[in-house]
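Asker: Questions regarding the structure given below will be posed in turn.
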Amino acid sequence: MSAMENESVKKVRAALDAAGLGDRVQELAETARTADDAAKALGAEKGAIVKSLVFVVGEQPVLALIAGDRQCKADEVRAASGFAIGGVAPVALALELPTVIDVSLKRFETVYAAAGHPSCVFPLSVPELKRLTGGIVSYAVADEPEKA
C-alpha cells in the first residue's frame with residue numbers, strides 16, 4: 001500500500017486542501033524519518049526541513065517547529081500530536097496546540113514538513129506555515145548547531 005493511503009497522511013492532505021494550499025504531499029522513495037534523511041531524499045538543505053517537536057510546559061503540550069539544522073531540548077509526541085515520531089505533521093493534530101516557529105526557518109524560500117508518515121512530506125513557505133498553524137515566530141526556540 002502506498003503511504004499516500006495512510007490515514008494520517010489523508011488527514012494532512014485534507015487539512016492542506018481545507019487551508020487552500022492544495023494537495024502538496026509527496027511520497028519519497030526513501031524515508032524522511034530524520035532531518036538528515038529528509039534533506040537527502042529531497043536534495044534540500046537540512047535547515048529547510050521542519051522538525052515538529054511536542055513539549056509539555058506544565059500541563060500544556062506545545063508544538064515547536066524547528067529548522068532541521070537547529071537544536072532543541074525535550075520529547076513528548078504521540079498523545080498530543082496523533083502522529084508517530086518521524087512523521088509528525090504541523091497540521092491535523094490530535095489536539096489544538098499553541099505553536100512556536102523557529103525564526104531560522106525564514107532563511108529558506110521553501111521548507112518541507114512531515115505529512116503524517118516517515119516517507120511523506122509537503123513543501124510550503126514560512127508565511128504559509130505561520131498561517132496554517134497559527135504559530136508565532138520566535139528567536140528563542142532553537143539554538144544554532146555547535147561547530148565541530
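The values are calculated or read from the model by the stated rules, or taken from the named source; none is laboratory data. Not measured: the values here are computed from a predicted model. Virtual Cβ from ideal backbone geometry, glycine too; neighbours counted across all protein chains shown.
Asker: Does Leu16 satisfy the condition of being in contact with a Gly (Cβ under 7 Å, 6 or more places away or on another chain) and more than 12 Å from Ala67 (Cα to Cα)?
Answerer: Details: in contact with a Gly (Cβ under 7 Å, 6 or more places away or on another chain): yes; more than 12 Å from Ala67 (Cα to Cα): yes.
Taking the combined requirement at face value, the residue satisfies it.
Asker: Provide a single number: the residues in region 12-23 that are modelled with pLDDT of 95 or more and among the charged types (D, E, K, R).
Answerer: Of the residues in region 12-23, 2 are modelled with pLDDT of 95 or more and among the charged types (D, E, K, R).
Asker: Of a type outside the set (A, V, I, L, M, F, W, C) and at pLDDT below 95: is that true of Glu45 in this structure?
Answerer: Numbers: of a type outside the set (A, V, I, L, M, F, W, C): yes; at pLDDT below 95: no.
Considered against the rule, which asks whether it is of a type outside the set (A, V, I, L, M, F, W, C) and at pLDDT below 95, Glu45 comes out as no.
Asker: Filter region 49-76 for residues that are modelled with pLDDT of 90 or more and not in a strand (DSSP E or B) and give the result.
Answerer: Selection gives Gly68, Asp69.
Asker: Give the residue that is nearest to the chain's Cα centre (by Cα), with candidates limited to residues of region 12-35 that are more than 11 Å from His117 (Cα to Cα), in contact (Cβ under 8 Å) with a residue 24 or more places away in the chain and part of a helix (DSSP H, G or I).
Answerer: That would be Ala35.
Asker: Quick one: which residue in Ala41, Ala18 is closer than 21 Å to Thr133 by Cβ and not β-branched (Val, Ile, Thr)?
Answerer: On the way: Ala41 fails: closer than 21 Å to Thr133 by Cβ.
Checking each option against the conditions leaves just Ala18.
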